[in-house]
Amino acid sequence: MALYSEKVMDHFRNPRNVGVIEDADGVGEVGNAKCGDIMKIYLKIENGIVEDVKFETFGCASAVASSSMATELIKGKPVSEALKLTNQAVAEALDGLPAYKMHCSVLAEEAIRNALEDYYKKHPEEKKD
Ligand code: FES
């Protein structure tokens, strides 16, 4: 059996939403101390909807594929839904990750959560629901 699913390979080779949003409404950055990989997420939010999302990941193939898939999963979705994104959902959407690579998908969940926290900090008038 191949180590990585077709979807992981696809998102690693052709990652979606790579880049920076200069005037982002929320930015989140997380790192994994063990492997040293770093992920940064930029969000553009309008009327409670994730209008745009971009990422920069300096990390392994699973981290790149996870960030790519995670951005696809929250793009165009309400903030309330983006807040609920779990690393399991990201891994499932990628048709699975090897067990020892699950922590890479955790980076995506945490980076998005941090970016949303940053958004709420900058926009205290928006309430979490
Ligand atoms: Fe560090 Fe994948 S090995 S995020």
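For every residue, the table says whether it meets (1) touching a strand residue (DSSP E or B) at 6+ places or on another chain (Cβ under 7 Å); (2) among the hydrophobic types (A, V, I, L, M, F, W, C); (3) open to solvent by 60 Å² or more (accessible area, probe 1.4 Å).
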{"residue": "GLY19", "(1), (2), (3)": "yes, no, no"}
{"residue": "ALA33", "(1), (2), (3)": "no, yes, yes"}
{"residue": "GLY36", "(1), (2), (3)": "no, no, no"}
{"residue": "ALA70", "(1), (2), (3)": "no, yes, no"}
{"residue": "LYS75", "(1), (2), (3)": "yes, no, yes"}
{"residue": "GLU81", "(1), (2), (3)": "no, no, yes"}
{"residue": "GLN88", "(1), (2), (3)": "no, no, yes"}
{"residue": "PRO98", "(1), (2), (3)": "no, no, no"}
{"residue": "GLU125", "(1), (2), (3)": "no, no, yes"}
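Does the stretch 40-51 contain any residue that is in contact with a helix residue (DSSP H, G or I) (Cβ under 6 Å, 6 or more places away or on another chain), within 14 Å of ALA111 (Cα to Cα) and in contact (Cβ under 8 Å) with a residue 60 or more places away in the chain? Within the stretch 40-51, one or more residues are in contact with a helix residue (DSSP H, G or I) (Cβ under 6 Å, 6 or more places away or on another chain), within 14 Å of ALA111 (Cα to Cα) and in contact (Cβ under 8 Å) with a residue 60 or more places away in the chain.
Restricted to the stretch 1-113, the set of strands (runs of 3 or more DSSP E) holding at least 2 residues that are more than 14 Å from the ligand (Cβ to nearest atom) and in contact with a Ser or Thr (Cβ under 6 Å, 6 or more places away or on another chain) is empty. Among the residues making up the stretch 38-54, those that are among the hydrophobic types (A, V, I, L, M, F, W, C) and either within 15 Å of THR71 (Cα to Cα) or open to solvent by less than 50 Å² (accessible area, probe 1.4 Å) (or both) are MET39, ILE41, LEU43, ILE45, ILE49, VAL50, VAL53. Taken over the stretch 96-129, the criterion of being over 18 Å from the mean Cα position of the chain (by Cα) and among the hydroxyl-bearing types (Ser, Thr, Tyr) is satisfied by TYR100 alone.
The values are calculated or read from the model by the stated rules, or taken from the named source; none is laboratory data. Predicted model only: the values in this text are computed from it and were never measured. Cβ coordinates were reconstructed from backbone atoms using ideal geometry, including for glycine residues, and neighbour counts include every protein chain displayed. Each accessible area value is taken on the protein alone, full model and side chains, heavy atoms only, with ligands, DNA and RNA left out. Shrake-Rupley method; radii C 1.70, N 1.55, O 1.52, S 1.80 Å.
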